Amino acid sequence: MGAGQDRRHQLASRSSAGLAGGRWPARAQQLIEAAYTSSVEGLHEPLKRCLGAFEEKLFALAERSPRADEQQDLFASRQRVMQEGGDVQQRFLEHLGNALNAVDGTGATASPSANGSKPWLSLELLDPAVQELSMAVDQIGARGEVRHSSQLHELGYRFAVLIGSPPLEGKSLPLGPHALASAFKLATSELALPLKHQLLLLQQFDQWVIASLSSLYSTVNAQLQSAGILPQLRSVPLPRRVGKQQRQAPVADAAEEAPVAAAEPPPTEDRQGKSPAPAGTGNSIEVLESLRDLLAQRRASQGATVGASGARAASEDELQTALGALQQHLAQVTDNASRELRSAARLREELLAQLNLGKPADAPQTQLSDEQGDTVELVAGLFEQLGQQLQHGGDARALLGNMQLPLLRMAVADPAFFERREHPARRLLDAVTSAANDWLDGSDDESNRPLATKLEQLVKRANQEPPSKGLYTSLLADIEHHLALLTRKAQAAERRHVEAAKGRERLDLARRRASELMAERFAQAPPRGLLRTLLDRAWSDVLALTLLRHGEESDAFKGQLEITDQLLGRLPIPDRLQLQQDVESGLQQIGMHAEESVQVAQRLIGAGTPDSSVELPSATDLALRLKQHQRLGELQSQSEKSQPESAAASPASAAPAAPPPVADPRVRAIEQHIKKLPFGTWFEFVDPASGQLMQRKLAWYSPMSGRCLLVSRRGQRGEEMTLAQLAQEVASGRVCEVPTQRESLLDRAWRNLTGNLRQSIGTRRIGAKESTP
């Protein structure tokens, strides 16, 4: 048994021991404890993922935040969650056990106050933060009940039989979404997070825990059913029957039947009077019958017929066999032929050929049923739209195309692929498409190879194994783990570059201030020869480093300025040997070798008794070495090495000057707009050599120098430019800002597919009206 399983069993045994004993008969007590143990096992991994996703979310928000105080709050919250994550899980399970203990025989949860008085007799002022958290918990519970309504219906009746009460529902069901969300809010309250961070944590709980409760509820229902608790109880949703008249409904009705994912969808109801999808689902296309309605209307407007009269519809097993044979055939053909076979029309022809392979000519032919044909056409149209959404061609489109038949087999076997947004096959398709679009840039770069290999292995496995939810759940966990590793590496690399850029900025400011102080002294007593070269090329870096470490008002920096004044003759030298040692120490701090620093200080000051057997280099030779010495915080270029002394005479050249103001008002307006953008905004660049599009993220910029840091998706440093140069590129059209997409690639593909169906229906209706005399 692994360490994780050990921990879960300890939590289960420790917490189940706290369940109230003696309140119910022994058999009921045993079943309740078994349900609680299953809950501990089933909730451990989703809760762990919830806290991990919350940590990553806080880190990403901190990276994009332009305010230091907000960054500090985000990192502090992340640190608390990382340190107390295990305690949060333990408290959550304890509160869940308390919810089971609080269920009484009337089907309500007892909630007395601390002093035993009734809760409605005590009045207190309402805290807005408490109210907002309570509303968020209620919304999570309501959405969870909608997601798992049938399983909760069975669980409520079985628990009611178990404890002898009316059916349990809503907040009275101890393992329901309301109870879980309330227990999680109580468990995380001790973290003392800011309100907006608590709300964000509840959102992650909704996404990772509440959305994955289906398997837990199925397990608990199966346990109670096997124990003889309402074994014949079934919660079966009424099928939606679509008649011929409904299929020929106007286009306006079809628009209501198939709501499209939009930024802010209007509150509408479908024909059965159901409420719109809860917040966060995006009202995306999740109803197979709505899509089939649109297909039927399009066929009716085109005058097309489906199937042949008297033909037998293929069974699901026959269709799966034909799809498996077609998969093997596509693996052997060329890429061009494979792309052609994946279109809806050719795919239907090939399936019919496989279904009727080897049959006599006069034998009844096997056709696709209406639902099977619609599924084939919808999946083909979905993959066509996804291919158009991809930024990069080549490998990404080939990878996506190889997933079409496995996903079609899954859609045929489980129509919930169209119905449920959280279906594992649907989530896998979204994850693979996003990974290929965001992380694979279409080049043969070595950094693309691990992810490309991982995706190829995943698609290969999907093609080789029979379609099942378990397969796609396993594949989804595999690719999510790999992408999480890539994301963490990218975040770490980006953070290193941001810290380096900030350090470089601070160093430049320190060098600029040191150069100003040096220029003031040069104006009064300009030095010459080796002393001038030393002060320009080395000692100004010593001043900058001391200023950076200790500050301008520190004793250390004042001491270095005093040494500077002694070298320039502005102050008397009480101890020449001490001055020489101070110069040697300062030069060694900026990376000069000890021997070379001794030679420079000895030649310049001449204190002490030099070794007569060692001849010091000449002043000219030492000055040349100082010119070739690498400056602090930068690499010296060849042009600097060959720069004459007159060009290096100005100390102001030691630090970059502030960028000149932009003359063009349009470019200036764009620059001001960029300065208001948050860190993490993406820009799209056009590669002048290949014409390909590259995306770069604005990770950081300096409002003082105008220098900005652009990084790739993997966190690697991109083009070096200032905000003014970036604004100029935007004005010229070579760079454009990428708007934030609130929809995933899959959501946009669903929306475009539905829009194309509507448009084709409307266009043909308008054409028919115009041709009518």
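The values are calculated or read from the model by the stated rules, or taken from the named source; none is laboratory data. Every value quoted in this text rests on a predicted model; they were computed, and no experiment measured them. Virtual Cβ from ideal backbone geometry, glycine too; neighbours counted across all protein chains shown. For accessibility, only protein heavy atoms count, side chains too; no ligands or nucleic acids. Shrake-Rupley method; radii C 1.70, N 1.55, O 1.52, S 1.80 Å.
The residue pairs whose first member lies in the stretch 726-750 and is farther than 18 Å from MET694 by Cβ, whose second member is of a type in the set (Ser, Thr, Tyr) and surrounded by fewer than 18 Cβ atoms within 10 Å (Cβ to Cβ), and whose beta carbons are closer than 9 Å, counting only pairs six or more residues apart or on different chains, are THR740/THR681; SER744/SER434; LEU745/SER434; LEU746/SER434. Residues in the stretch 561-587 that are in a loop (DSSP other than H, G, I, E, B) and touching a residue at least 40 places away in the same chain (Cβ under 8 Å) were compared, and the one that is nearest to SER540 (Cα to Cα) is LEU568.
Among the residues that make up the stretch 539-546, is at least one of them assigned to a helix (DSSP H, G or I), open to solvent by 10 Å² or more (accessible area, probe 1.4 Å) and out of contact with any helix residue (DSSP H, G or I) (no Cβ under 8 Å at 6 or more places or on another chain)? Checked against the condition, which is being assigned to a helix (DSSP H, G or I), open to solvent by 10 Å² or more (accessible area, probe 1.4 Å) and out of contact with any helix residue (DSSP H, G or I) (no Cβ under 8 Å at 6 or more places or on another chain), the stretch 539-546 yields no hits at all. Answer with yes or no whether SER646 is among the hydroxyl-bearing types (Ser, Thr, Tyr), under 26 Å from ALA523 (Cα atoms) and modelled with pLDDT under 85. Yes: the conditions hold for SER646. If the condition is being small (Gly, Ala, Ser) and touching a strand residue (DSSP E or B) at 6+ places or on another chain (Cβ under 8 Å), then the stretch 709-732 contributes SER712, GLY718. Being open to solvent by 40 Å² or more (accessible area, probe 1.4 Å) and either touching a residue at least 12 places away in the same chain (Cβ under 8 Å) or of a type in the set (Asp, Glu) (or both) is not true of GLN151.
Got a number for residues in the stretch 338-367 being among the aliphatic types (A, V, I, L, M), within 15 Å of THR321 (Cβ to Cβ) and open to solvent by 10 Å² or more (accessible area, probe 1.4 Å)? Total satisfying the criteria: 4. Considering LEU195, LEU199, LEU173, LEU191, the condition of being among the aliphatic types (A, V, I, L, M), in contact (Cβ under 8 Å) with a residue 24 or more places away in the chain and open to solvent by less than 20 Å² (accessible area, probe 1.4 Å) is satisfied by LEU191 alone.
Set side by side, the residues ALA211, ALA183 differ, and just one is under 19 Å from ASN101 (Cβ atoms), open to solvent by less than 50 Å² (accessible area, probe 1.4 Å) and in contact (Cβ under 8 Å) with a residue 12 or more places away in the chain, which is ALA183.
For the stretch 214-236, the candidate set comprises residues that are touching a residue at least 40 places away in the same chain (Cβ under 8 Å) and more than 24 Å from PRO424 (Cα to Cα); within that set, the residue that is surrounded by the fewest Cβ atoms within 10 Å (Cβ to Cβ) is ARG234. Put simply, of GLU371, GLU377 the only residue that is surrounded by fewer than 18 Cβ atoms within 10 Å (Cβ to Cβ) and either in contact with a His (Cβ under 9 Å, 6 or more places away or on another chain) or in a helix (DSSP H, G or I) (or both) is GLU371. Do we find a residue being part of a loop (DSSP other than H, G, I, E, B), at pLDDT 80 or above, within 24 Å of PRO66 (Cα to Cα) and not basic (Lys, Arg) anywhere in the stretch 660-678? For the stretch 660-678, residues part of a loop (DSSP other than H, G, I, E, B), at pLDDT 80 or above, within 24 Å of PRO66 (Cα to Cα) and not basic (Lys, Arg): present. Within the stretch 387-398, the set of residues being of a type outside the set (D, E, K, R) and either farther than 13 Å from SER343 by Cα or open to solvent by 20 Å² or more (accessible area, probe 1.4 Å) (or both) comprises GLN388, GLN389, LEU390, GLN391, HIS392, GLY393, GLY394, ALA396, ALA398.
All of ASP430, ASP445, ASP478 fail the test of being of a type in the set (Asp, Glu), open to solvent by 30 Å² or more (accessible area, probe 1.4 Å) and modelled with pLDDT under 85, apart from ASP445.
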